[in-house]
Every structure is written in structure tokens, then in C-alpha cells.
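The structure appears below as C-alpha cells.
None of the figures in this text is laboratory data; all of them are computed from the coordinates on show. Fair warning: this is a prediction, and the values are worked out from it, not measured in the lab. Cβ coordinates were reconstructed from backbone atoms using ideal geometry, including for glycine residues, and neighbour counts include every protein chain displayed.
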Amino acid sequence: MDFSAIVPALPGLWNGMLMTLQLMVLGVLGGVVLGTLLAMARLSHNRLLANAAATYVNYFRSIPLLLVITWFYFAVPFILRWITGEDTPVGAFTSCLVAFVMFEAAYFCEIVRAGIQAIPKGQMGAAQALGMSYGQTMRLIILPQAFRKMTPLLLQQSIILFQDTSLVYTVGLMDFLNAARSRGDILGQPHEFLIFAGLVYFTISFAASQLVKLLQKRLAV
Amino acid sequence: MTKSTLSRAIGFALAATLCSAPALAEELTGTLKKIKDSGTIVLGHRDSSIPFSYFGSDPQQPEGYSHDLQLKAVEAIKQKLGMPDLKVRYNLVTSQTRIPLVQNGTVDLECGSTTNNVERQQQVDFSVGIFEVGTRLLTKTTSGVADFPDLKGKNVVTTAGTTSERLLKAMNAEKKMGMNIISAKDHGESFLMLESGRAVAFMMDDALLAGEMAKAKKPADWHVVGTPQSYEIYGCMVRKGDPAFKAVVDDALVATFKSGEVNAIYDKWFLKPVPPKGLNLNFPMSDELKKLIANPTDKAAEQI
Amino acid sequence: MNYNWDWGVFFKSTGIGSEIYLDWFVTGLGWTIAIALTGWLIALALGSLLGVMRTVPNRWISGIATCYVEVFRNVPLLVQLFLWYFLVPDLLPEPLEMWFKQDLSPATSAFISVVVCLGLFTAARVCEQVRTGIQALPKGQLAAGYALGFRLPQIYRDVLLPQAFRIIIPPLTSEFLNIFKNSSVASLIGLMELLAQTKQTAEFSANLFEAFTLATLIYFTLNMSLMLLMRLVEKKVAVPGLISVGGK
């Protein structure tokens with residue numbers, strides 16, 4: 001094993017890492033927003049809305065992420081063309097991001113729902129007694145508390161997503177893993193680059209999960 | 001003026017007169033309109049089709065024989081649209097993703113190592129042929145495999161989504177050869193399977209096999225053998241039913257062929273050291289390719 | 001829009017032997033189930049052992065189990081799979097390496113790699129569930145066991161584990177379902193399981209949407225039926241007076 005070829009490859013690998021981080025951050029942001037909307041839909045008194053949200057969540061939770069990524073990669077441009085009627089350039093990055101947001105939203109929805117349900121029911125009644133609307137109550141009273149409670153879980157799910165972004169390998173997007181693999185392949189040193197990639201993923205995920213544990217202790221007061 | 005700049009100038013002049021004169025009056029449609037509106041052309045490329053389209057010296061920038069020809073087409077498109085600052089975006093494709101990506105509008109022009117065949121013509125349109133290959137086998141010099149019948153009961157690797165994969169699977173079923181066929185994701189991975197001893201042979205287009213050999217730890221341990229199972233013509237892929245765009249690409253390629261500039265490009269990738277390891281493929285131009293360059297056609301090999 | 005819908009595509013010939021596309025899906029589903037079940041056996045056995053190790057009153061033993069969990073949880077599944085498939089066979093002693101790569105059929109060697117990978121990956125998660133289950137039991141049970149003259153292994157085998165397993169069925173179910181979904185990574189090392197067959201169908205037939213729709217339906221049905229099955233099991237074995245731990 002000879003790890004010396006990794007040093008000159010670092011700039012390319014860094015670009016891959018940037019793509020991985022972009023996918024993760026945008027995926028988490030989009031996923032939390034869509035997931036929160038889904039959670040509110042699931043908890044709403046409108047049965048149609050609640051059922052639709054529940055179906056969405058069940059559907060995405062029963063199929064593999066890899067399948068979603070592959071499918072969306074081919075389908076998103078087609079679907080956009082149906083909607084807009086013309087060719088819209090959609091890169092692999094956008095397709096993958098859409099796949100992550102839609103997939104992760106199902107998981108974030110369940111986290112947010114549990115968070116909302118953990119807030120004592122009386123608070124909703126109290127807020128409405130004070131004359132607040134449903135939307136106001138959610139925005140000003142329930143959600144801020146719920147988010148505080150579920151921050152550790154949301155972060156843990158984000159670490160999982162950080163690892164799962166490596167699945168974009170299947171559509172040839174140059175994320176960190178694919179950059180490492182591709183470089184290792186061209187240079188004829190696949191093992192060295194793979195081990196290096198594994199170590200980097202481990203270091204980041206491990207450090208992040210330790211931080212989350214610390215945070216969990218502080219928030220638990 | 002050196003010979004190559006002269007020929008380039010003639011090539012441009014030819015390309016320009018061929019396509020720009022009647023185009024000015026007509027309304028842009030399809031891919032040309034999309035490129036004009038977005039200011040960007042999306043080029044499909046490969047990451048391990050050595051020496052056609054791959055990441056060689058720079059992991060962000062594809063290079064290779066097909067890529068150089070692709071850039072010729074881009075030049076012509078810039079001229080045609082009067083957009084010298086046209087932005088070029090690269091989109092990596094694999095053997096499995098290339099056709100859907102051209103169809104669904106992600107990629108405007110794919111030049112890599114894509115065989116033009118009748119079946120694929122149902123889904124996409126091809127430019128005039130840019131290369132001609134035979135599908136053969138790469139194996140260790142000591143493996144004892146000299147031709148396809150020797151593969152009975154052995155592990156054979158090929159790349160998923162290629163014509164070789166279909167030929168091999170069909171051959172296995174028809175002749176009851178009992179081969180174990182591994183379909184790897186790309187040529188790099190196929191070669192990894194071969195080099196690590198998981199397969200005794202790798203079936204693929206001969207020029208690509210030469211390219212993989214140049215990547216090996218010991219290139220002298222390998223050779224390309226076997227009766228070609230098919231002769232295939234590579235083309236660049238464009239979306240189906242877009243004759244205006246296809247014409248610009250075709251004209252640019254034909255101009256490169258006629259000017260003889262293609263010979264310099266060929267020499268650069270097949271007869272001189274190529275990145276990343278600086279090995280020479282030593283793959284002289286075949287008579288079939290010479291004929292193809294003399295008489296450009298967008299037909300598949302089986303249609304000629 | 002140049003897409004030709006054709007839902008009859010699954011009954012068309014693939015052009016290879018006498019197979020129709022539906023045959024490919026059936027074969028693929030078979031592989032998916034085989035991978036998931038075999039991987040699950042490994043995960044359950046190893047995960048239980050590790051879970052017990054994490055709770056025993058010995059720093060070294062619990063430390064080893066903790067390390068295992070951290071390593072296997074913090075490296076992406078795909079990286080682990082590539083390590084098992086591409087790297088580990090090269091590290092085997094020569095005769096074993098040759099046997100693995102050349103005597104075994106490629107499907108078998110890929111199957112072994114993916115099953116070991118998924119088994120070890122999932123074991124880290126099962127371990128955490130088992131540990132939670134054991135720790136959720138009243139502390140007095142351990143003391144009571146000692147007072148009755150049981151040794152530690154006996155207490156685990158006869159007192160703690162039977163209860164722990166029964167209360168962690170819901171989170172175990174979700175890991176069990178995950179292993180089915182995660183088995184799709186096998187498609188990336190050339191094993192023709194459900195997702196790989198779907199991609200191949202999409203590519204051979206050019207009927208992309210139909211192929212992927214059928215695949216999601218199969219995964220959805222599989223997932224739902226397994227979930228219903230596990231609910232029944234859960235009801236059967238529920239421990240009166242103890243609520244389940246972990247999420248749904």
C-alpha cells in the first residue's frame with residue numbers, strides 16, 4: 001500500500017467533499033421544511049390531508065433510497081418537461097437533491113410529529129383561549145419548543161444523510177466517495193483511496209455524533 | 001501559416017458556410033434554442049473510457065479523442081449561435097445512464113464511446129461516425145484464452161449497459177457456454193475485476209481494451225485476443241428528432257475529417273503517450289476507420 | 001415528449017434465452033430476500049452478543065463492543081461494501097483468495113460480500129437496541145438473580161434477554177425492514193437483485209417508468225407485509241405490564 005498518491009489528489013477530493021456537504025446541508029434544510037409541513041398535515045383535523053401525508057411517509061419509508069436516487073435521476077427532467085413543456089437543463093446534482101429532500105422529508109416528518117406530540121396538549125388550548133389562530137399557535141408556541149426537543153434527533157438524522165449522500169455514486173455525481181474512487185481507479189490504486197475515504201467519513205461522522213451527544217446532555221436539562 | 005492552422009481555418013470556413021448561411025433567417029428550435037436561451041451547453045462525457053473520454057490529468061476536466069471532437073462541435077455551435085462566450089457544462093454519464101440522459105434533456109451532446117446501432121436509433125439520434133471498433137477480449141497473456149469458445153464455464157466481465165453485455169449474454173444463452181457473466185458499472189471497474197483475478201477475460205470494444213491495458217500495473221502482462229463478435233461505429237448522441245442541431249454537429253465533424261485534422265487528434269490519443277500514466281496505446285488507425293473518415297455516415301455498422 | 005408507454009413490457013421477451021422481463025423481477029426479488037434474511041441472521045446473532053457485551057460490568061468487554069458500534073455506524077454502508085468486496089478478498093491468503101475469486105461463481109462471491117457487509121453493519125444497530133432493551137428492565141432483576149444464586153450468564157439467558165427481546169420488537173422490526181431496503185446496494189457490485197434487474201429492464205426495454213414503478217410497488221408490498229407480520233408477532237409475545245421501548 002502506498003498512500004503518497006493521495007496528497008496530490010487532495011484538491012480534487014476537496015471538491016468532492018464540498019459537493020457532499022452541499023448535498024447534505026441543502027438536503028437537510030429542504031427535508032426539514034417539507035417534513036414539518038408533512039407533520040402538520042398528518043396532525044391536522046382534515047382527514048384527506050392527514051391520509052395523504054401518511055401515505056407519502058409510508059411510501060417513501062418502504063422503498064430504498066438508492067432506488068429513489070436512480071429513479072429520480074432519470075425521471076425528474078422528464079417530469080419537468082411535462083410541467084413546463086420545454087427542455088429544462090437539470091443536472092445530476094439537482095435530481096439527487098430532489099431525491100434526498102423528498103426521501104428525507106418522510107423521516108424528518110416522523111421526528112417532527114413526535115416532537116409536536118410531546119408538547120402538552122393544554123398549551124394548544126391555552127393559546128387558542130388567548131385568541132391565537134392554529135397557524136399562530138404552531139409558529140409561536142408549539143414548533144419552537146418542539147424543535148428544541150428534537151434537535152438531537154434531527155442532527156442524528158443529518159449525520160445519517162451525510163453518509164447516505166455517498167449513494168449518488170450510482171448516478172456518477174462526483175461527491176467525495178466518487179471523486180476518491182475515480183481518482184484511485186485512474187491511478188491504479190483503488191484500495192488506498194477507498195481506505196482514505198472510509199477514514200475521512202468515519203472521522204467526520206464520529207466527531208459530529210460525539211458533539212450531538214454533548215448537545216443532547218445540555219438540552220436535556 | 002502552419003499546415004494545421006491552415007486546415008483549421010479551412011475547416012471553420014467550411015463549417016461556417018455549410019451551416020450558418022441558411023440558418024440566420026430561420027427561427028431557432030429544439031436544442032439550439034435551449035442552448036441559446038440558457039447560454040449553456042451541457043456535454044455528456046465518461047470518466048473511464050480511455051482514451052475517448054475520461055478524467056486523465058485533471059479530475060474535473062474530461063479529455064480524450066471523442067472529447068476533442070466534441071469540442072469541435074462546440075466551436076461550430078458557438079459560431080452558429082454567434083455566442084463566443086457560450087458556457088460549457090460537463091455532465092458525467094455511464095454506460096447505463098447515457099441514453100436516458102440525452103432523452104430526458106439533461107445532456108445536449110454526448111461524445112464518448114457510444115455505439116450507433118438500430119435499436120438505440122429508436123431512442124436517440126447519432127452524429128456521423130467518429131470511430132470504428134471490434135468487440136474482443138482482454139486477458140492475461142498466460143490465461144490460455146485465445147478466443148471466445150475458450151470461455152466455457154469461466155468468469156467473464158463486461159460493462160453494464162454496453163453492446164458487449166448483450167452480445168455476451170445472448171451468446172451464453174444460445175451456445176449454452178455456462179459462463180458466469182459479471183456486469184460491472186464502468187470500464188474501470190470491469191478492469192479491476194479482471195486485474196484482481198475475479199474474471200479471466202473482459203469483453204469490450206478493442207480500442208477501449210487497449211486503453212484499459214495502458215492503465216494496468218504491468219501492461220505487458222495483458223493482450224487483446226479473439227475474433228471480433230461485431231464491428232461497431234461510435235457516434236455522438238443528440239436528442240431524437242432535432243435535425244437542425246444534428247446538422248451543426250455533423251458538419252463540424254465532417255469538416256474536421258475533411259481537413260485531415262482528425263489525424264492529428266488520432267495520433268495524439270492513440271500513438272502518443274496519454275495521461276495519467278504517460279503510456280502509449282500504440283493502436284494504429286484501422287482500415288475501417290480510414291474508410292469511415294473518408295466517407296462519413298450516421299448509419300450503424302449493420303446498416304452499411 | 002418522446003416516451004412510449006407500454007405496460008405490457010413485462011411480458012415481452014428480453015431477447016436473452018426464452019426469458020420475459022417479469023422473470024428478471026422474480027429472480028431479483030429472490031436475491032433481495034436471500035440477502036436480507038441471511039444478513040439478518042448474522043446481524044441478530046452478532047448484535048445480540050454485542051448488546052450483551054455493552055451491558056456487562058466489565059470495562060474492557062463493553063469498550064470493545066462500543067468501539068465496534070462506533071466504527072460500523074460512522075462509515076457509510078457503500079464504503080463498507082466496497083471494502084468487503086474489493087479490498088478484503090485481496091487480503092486473504094493466496095489459496096483462499098483464488099478460491100473466493102475464481103472457484104466461486106461471481107454471484108456467490110458477491111453474495112457473500114454483501115451478506116457479511118449488511119450483517120456486520122446492521123449488527124451495530126441491533127446491538128444498540130438490545131442494550132436499550134436490557135437497560136430498560138428494572139435494575140432489581142439483576143440483583144434478584146444474584147440473590148437466587150444465578151451466575152451472570154444464567155441471569156442474561158434466563159431472565160434479562162427473554163424480556164429484553166420482547167420489548168424491543170418494534171425497533172428491531174424497523175431494522176429488519178431496513179436490511180431489505182439496504183440490500184439494494186448489492187446492485188452496485190453486480191449482484192442482480194431487484195434494483196439491478198429493474199435498471200437492466202429499464203435499459204434493455206427503454207421502458208424506464210414502467211420498470212421503476214413495478215419495482216417500487218414490489219418494495220412497498222414487501223415492506224407492508226413484513227410490517228403486518230411483525231405486528232402480529234409483537235402482539236403474541238408482548239410482556240404484560242411492560243411497554244415497548246424505542247420508536248415505532
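Return the single residue from C:Arg166, C:Arg151, C:Arg131 with maximal mean-square fluctuation; model: Gaussian network over chain C, springs between Cα atoms under 10 Å.
For chain C, modelled as a Gaussian network with Cα springs under 10 Å, the answer is C:Arg151.
Toward the positive end of the charge dipole of the protein assembly as shown, about the Cα centre and with charges on Cβ (Lys, Arg +1; Asp, Glu -1), which of A:Leu38, C:Thr216, B:Leu289 goes farthest?
Farthest towards the positive end: A:Leu38.
How large is the helix-only mean residue ellipticity at 222 nm for the protein assembly as shown, computed as the sum of -39500 (n - 2.57) over DSSP H runs with n ≥ 4, divided by its residue count, in deg cm²/dmol to the nearest 500? If you can, show how the numbers build up before the last one.
Numbers: 30 runs with 461 residues, N = 773.
Dividing the helical sum by the residues of the protein assembly as shown leaves -19500 deg cm²/dmol.
Given N residues in segment B:46-162, what is its alpha carbon radius of gyration divided by 2.2 N^0.38 Å?
Here the answer is 1.29, to two decimals.
Between 0 and 90 degrees, rounded to the nearest ten: what's the tilt of helix A:65-84 against the longest Cα principal axis of chain A?
70 degrees
With an 8 Å Cα cut-off and a minimum separation of 6 or more residues, compute the relative contact order for chain B in percent.
Computed value for chain B: 27 percent relative contact order.
Would you look at the GNM of chain A, springs on alpha carbons closer than 10 Å, and say which of A:Phe202, A:Phe100, A:Phe162 moves the most?
Looking only at A:Phe202, A:Phe100, A:Phe162, the biggest GNM fluctuation is shown by A:Phe202.
Return the lysines within reach of B:Lys217: Cα separation strictly under 25 angstrom, same-chain partners fewer than 8 residues apart disregarded; answer none if there are no such residues.
Leaving aside lysines fewer than 8 places away in the same chain, those within reach of B:Lys217 are B:Lys140, B:Lys154, B:Lys185, B:Lys268, B:Lys272, B:Lys277, C:Lys101.
Is segment A:77-221 best put as rounded, prolate or oblate by its Cα gyration tensor, with a ≥ b ≥ c the root eigenvalues, rounded for a/c under 1.5, and otherwise prolate when a/b is larger than b/c, oblate when not?
oblate
How big is the gap, in Å, between the Cα center of segment B:143-198 and the Cα center of segment A:47-94?
35 Å
Take segment A:22-89, compute every pairwise Cα distance, and split them into 10 Å bins from 0; I just need the percent in each bin.
In whole percents, the pair-distance histogram is 18, 33, 40, 9, 0.
Plugging the Kirkwood radius over Cα pairs into Stokes-Einstein for the protein assembly as shown, at a temperature of 4 °C and a viscosity of 1.567 mPa s, what D comes out in µm²/s?
After rounding, the answer is 46 µm²/s.
Evaluate the relative contact order of chain A (contact order divided by residue number), counting alpha-carbon pairs under 8 angstrom at least 6 apart; express in whole percent. Present the calculation step by step, with values, prior to reporting the outcome.
Values: 221 pairs, mean separation 64.7, N = 221.
Answer for chain A is 29 percent.
Using a 10 Å cut-off around each Cβ of peptide C:7-16, what is the average number of partner chain Cβ atoms that fall inside?
2
Considering Cα pairs under 8 angstrom that are at least six residues apart, work out the relative contact order of segment C:7-237 and quote it in whole percent.
28 percent
Test of understanding: express the Cα radius of gyration of chain B as a ratio to 2.2 N^0.38 Å, with N the residue count.
1.01
Can you tell me how segment B:133-231 classifies by the Cα gyration tensor, rounded, prolate or oblate, using a/c under 1.5 as the rounded cut?
Judged from the Cα gyration tensor, segment B:133-231 comes out rounded (a/c under 1.5).
Other chains' Cβ within 10 Å of C:213-221 residues: what's the mean?
Counting Cβ atoms of other protein chains within 10 Å of each residue's Cβ and averaging gives 3.
Name the longest site-free stretch of chain C, where the excluded sites are chymotrypsin sites (Phe, Trp or Tyr not before Pro) in a DSSP loop with no more than 16 other beta-carbon atoms within 10 Å. Walk me through the numbers before you get to the answer.
Numbers: sites that count: C:Tyr3, C:Trp5, C:Phe150.
The longest such stretch corresponds to C:6-149.
Other chains' Cβ within 10 Å of B:117-125 residues: what's the mean?
1
What does the charge count near C:Phe82 come to, summing +1 for each Lys or Arg and -1 for each Asp or Glu among other residues with Cβ under 13 Å from its Cβ?
-2
Which net charge results for the neighbourhood of A:Gln123, defined as the other residues with beta-carbon distances under 15 angstrom from its beta-carbon, given Lys and Arg at +1 and Asp and Glu at -1? Intermediate results must be reported in sequence, preceding the final value.
Numbers: positive: A:Lys121, A:Arg139, A:Arg148, A:Lys149; negative: none.
Every neighbour counted, the sum reads +4.
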